Structure formats: structure tokens, C-alpha cells
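Enquirer: There's a structure below that I have some questions on.
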Amino acid sequence: MRQLLRRLVPHHLGGLTRPALLGILLALTVLVLLVDLARPSATAPLRRAAATVLAPAQSAMTGWTDTELTDLTRERDALDARVKELEAQVRTSEQLTELERAAEGWGGHELLPARVVGFSSVGTPVGGRTVTIDAGERDGVAVDQTVVSSAGLVGRVVRAAPSSADVVLLGGSDVVVGVRFGEDGALGSVDGRAAPGLPPRASGELTLTSVGDSDIAEGDLVTTLGSPESVPYVAGIPLGTVTSVDPHSGQLGETAVVAPFVDPDTLDLVAVVVLGGNR
Amino acid sequence: MSTVPAVLARAALLLGAVLVPTFFSQELPGRPDLAVLVVAAAALLHGPVTGALVGLAAGWLVDLVPPGGEPLGAGGLTYALAGALVGAVSRWGPWSPLVPWVATIGGAAAIQAVRGLTAAAGVGVAHPGDLFWSVAATALFALLLLPLLIGVERFLLERGWA
């Protein structure tokens, strides 16, 4: 056995000492790191290949629960009911406030159900919250589509592979969402990272910054403002509620703490908003 | 002496360690980092160079298994650092049976420290509480899994496969 293995090992590798091998591999890694920083599109095929190979394994591992089918059906029905409720809500708010959200409410778009099959590792050097879902390009998922759950806004698609897609969650790095808050629909933005000088936030809490001079009140509902052409965020999706307003500390807009409706740790069934799906 | 069985065994363990956390993502306050345990087991028996090599492989897997990490390659360098650290401490192993466990926690803490530092530098978001709980969860899992992983490494070593 040992002799057979000895014959299988390439001889030129045997001549290389381990420190030399480590040096070469570290240098290559640094090179890839620099290329990825300078031009992320150059390393995209590598990620895509890994996603294509590993996504089936991930989705098989997630599916190992006995009550999967009943759970999925129940969740789908709950999601459906919630969507109808929200559609009605959007319609009412359109009539009430006559804001420019009539055209881009999310009721008119198709919802593609998907399951979360992978969470970002706790060991990645750059912190952030990303998940993998089991729907990909084959199902119509594309980069910058909105992802929702029965509770509210989840995030947006950042990478799509043939049978899986990566979703960056609310509160992740560099995720800033334009929002409306309060009864009048005042404008603001929600950020995962609090600006310097603000009180420290608990894990998972978001920061709302008012754009104008409108006051934020505790208990205000925060919904997405929507982006042009609904990319990356569709308008009118509930995002969270204001739990406390920060004291004024000289900053331009008023700020407040927002508790998101979606708990990133227990995400399971989500839906991708496929734009113009069944219009 | 062939190292192929050891490389294959560690590759399988690492792949498992990176894929399995999908199961228990919901119950604990912090999620454990299982990949660092495989790295630590190899580093404790073979020293810093092998530790860094296995760490490099682990970091690449962490970066590539969806949803992965950014930028590509940063995970490899961080885990290589952790592997080298644990390997460097392994020479004090005879002092106490706790040394491997403490060294592994040190490796896990180094990875979380990098995460905290990048967040403090304005790249990414990492809450200090989350970092702490992640190290705590890793320490707990190390109690259960590290003896098993070291057993695997010892088995490979005795067969002359590592």
C-alpha cells in the first residue's frame, strides 16, 4: 500500500521542502488577494465554480429535516397571506399619501421562494452577514434583486451562480437602504454601521438617519423607499421599527436605533422579488 | 513517506467543517469555527509550517464555499496565521494537557481579532459581542472535537502518512 502511494506521488513535489511550499502558496494567495481587491471580476469565475460544485451539497444538507415539506408549505402559505396583507397596505398608503410609490410597489412582482442553505463563516477576516439561497440564475435570480421574507426585508442578491445565489443581509458591510419612516413617510437611510460619536449599538441593531429635519419617534414603522427601476430595493417593504431615538449631538440629521423585523440567525424560507414577473 | 492520505483526510475534514455549520446556525448565541479546530489539530502535532499550510487550505475553503468571504485570499492568510500561531505554541505541549486547548482558543481568537480589527478600520461590520461568543462557542466545541481530531492526526502520524 505504502509503495503504491509512494509511486503515485509526483517526484518533483518531493524535492520541495515544506517551508518552501508554504512560501510559494502564501505568495500566490497574496497575489490572488491583490487581484481580487483591484479587479473583483477577475476572480468571479473561481467563486462561481465553487458555488456550482458546492451548492447541491449545501442544499442537500439543509434538506435533512423530517418535517421539511409540511414546514415549507406552512411557511409558504403564511408568506402568501402576508404578501396579500402588504399589498393591501401599499395600496392604502398610496391613496393616503399620494407619494410616488404607485408604480413601483412590490405587489406587482413575482415572488420566487428560496431556502437559505448557507451562512457566512464566523472566520472570514472581513465581518458581515451573507447567506446563500438555493435559487440561482436558472430560476431567474439576478444580481441586485430584492430578497424578502414573511417578516420583511432580508437583503439583496450580490452574486448569482447557476443554482445558488449569495444574499447580503441588512446590516451587512456597505449596505445602506433608503427608507421612509413614520406616518408621513419622511425620508431617511438605514445603515448597519453607526456613525462615529453615536451610542454603541447592540448586535443586529441598525441606525436610521433622517435626511430632512423631520423628527423620528419611537415606534415609527420603517419601510423601504425603493430605488429607480426597483434595483436593488423595491419600494414599500417593511424593514423594522424605531426602538429608541439618539440624543442630539450636533450631527446634521436626527438618528435612531432600528430593530429589524428579520432575524438573520433564524432565516429559513425567503423569497426573491423577480422584477416584472407577472405584470 | 507519503503524505497523500494525510492531505486527503484533512481536506475531507475541512470540507465537512466548512459545510456543516448550516445545521446549527440558529440555537447558539455564537457560531463555532470548526475549520480552526482541524487546523489546530494538524498544527499541534506537526508544528507551525504544517499548521500554516493546513490553515491556508482552510482559509481558502472558507473564502470559496458559498456565501464565502471577501476579499478572496484574506481568509487563507488569516487561517495560515492562526495555524502558525498554534503550531508555535505546540512545543510547550508537555507542560500541561490544557496547552492544546488553550492554543486552539488562541488561534480562534486571532481570527476573530483580525475580524474585529478590519471592522474597526472601517471594512465590514463585526460586533464585539458576536466575536466573543464565536470564540466561546469554538472553545466549547474544541473540548469535544479536538481530542478526536488529534487522534486522527496521531493515527496518520503512526502510519507514516503525515
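Enquirer: Find the relative contact order for the range B:4-158 and round it to a whole percent, using C-alpha pairs within less than 8 Å whose residues are 6+ positions apart.
Expert: On the way: 240 pairs, mean separation 42.7, N = 155.
Result for the range B:4-158 is 28 percent.
Enquirer: Could you line up A:S120, A:S189 from fewest to most neighbouring Cβ atoms inside 10 Å? Working shown, then result.
Expert: Values: A:S120 27, A:S189 15.
Fewest-to-most Cβ neighbours within 10 Å comes out as A:S189, A:S120.
Enquirer: Would you list the P(r) distribution for the protein assembly as shown, with all Cα-Cα distances sorted into 20 Å bins from 0 and each bin expressed as a whole %?
Expert: 24, 51, 21, 3, 0
Enquirer: Here's another thing I want to ask about it. Is any residue of the range A:202-224 close enough, with backbone N under 11 Å, to a label point placed 7 angstrom from the Cα of A:Q89 along the Cα-Cβ axis, and if so, which?
Expert: Output list for this probe position: A:221-224.
Enquirer: Give me the inter-chain shielding for B:127-134: mean count of other chain Cβ atoms within 10 Å, whole number please.
Expert: Numbers: counts 9, 2, 3, 5, 3, 0, 2, 3.
Across the residues of B:127-134, the mean count of other-chain Cβ atoms within 10 Å is 3.
Enquirer: What distance in nm lies between label points placed 7 Å from Cα along the C-beta direction at A:A202 and A:T241?
Expert: 1.4
Enquirer: Per-residue mean of other chain beta-carbon atoms within 10 angstrom of the beta-carbon, peptide A:46-52? Before the final figure, lay out the partial values.
Expert: Numbers: counts 5, 8, 1, 1, 7, 5, 1.
Mean shielding count: 4.
Enquirer: List the relative contact order of the range A:180-251 as a percent without decimals, with contacts defined as Cα pairs under 8 Å and 6+ residues apart. If you can, show how the numbers build up before the last one.
Expert: Numbers: 106 pairs, mean separation 20.6, N = 72.
Answer for the range A:180-251 is 29 percent.
Enquirer: Using the number of other C-beta atoms within 10 angstrom as an exposure proxy, rank A:T17, A:T62, A:T132 with the fewest first. Intermediate values should be presented prior to the final figure.
Expert: Details: A:T17 10, A:T62 19, A:T132 29.
Sorted ascending by nearby Cβ count, the order is A:T17, A:T62, A:T132.
Enquirer: Right, something else. Amide H to amide H under 5 Å from A:E110: which residues, 5+ apart in sequence or cross-chain, H placed 1.01 Å off N in plane?
Expert: A:V274, A:G276, A:G277, A:N278
Enquirer: Can you give the FRET efficiency to the nearest 0.05 for A:A60 and A:I24, using r as the Cβ-Cβ distance and R₀ = 35 Å?
Expert: Values: r = 35 Å, r/R0 = 1.01.
Calculated transfer efficiency: 0.50.
Enquirer: Let me confirm one metric for peptide A:22-30, namely the mean number of other chain beta-carbon atoms within 10 Å of its residues' beta-carbons.
Expert: Numbers: counts 11, 2, 0, 7, 7, 0, 3, 11, 4.
If you average over the peptide's residues, the count of other-chain Cβ atoms is 5.
Enquirer: Okay, next question. What's the exposure ranking of A:L153, A:L221, going from fewest to most Cβ atoms within 10 Å?
Expert: On the way: A:L153 27, A:L221 17.
Starting with the residue having the fewest Cβ neighbours, the order is A:L221, A:L153.
Enquirer: Could you list the residues of the range A:184-204 with an amide nitrogen less than 20 Å from a label point located 7 Å from the Cα of A:V176 in the Cα-to-C-beta direction?
Expert: Within reach of a label on A:V176: A:186-201, A:204.
Enquirer: If R₀ is 22 angstrom, what is the calculated FRET efficiency for the pair A:L34 and A:D144, using the beta carbon separation as r and rounding to 0.05? Before the final figure, lay out each step's value.
Expert: Details: r = 26 Å, r/R0 = 1.20.
About 0.25, to the nearest 0.05.
Enquirer: Mean residue ellipticity at 222 nm from the helices of the protein assembly as shown, using -39,500 (n - 2.57) per DSSP H segment of n ≥ 4 over the full residue count, to the nearest 500 deg cm²/dmol?
Expert: On the way: 11 runs with 199 residues, N = 441.
The per-residue figure over the protein assembly as shown is -15500 deg cm²/dmol.
Enquirer: Right, next: Note down the nm distance, to one decimal, between modelled labels 7 Å out along Cα→Cβ at A:H248 and at B:L140.
Expert: Here the answer is 4.6 nm between the modelled labels.
Every number here is computed from the coordinates shown, using simple stated rules; none is lab data. Being a predicted model, the structure only gives us computed values, none of them experimental. Glycine gets a Cβ as well: all are built from the backbone with ideal geometry, and neighbour counts include every protein chain shown.
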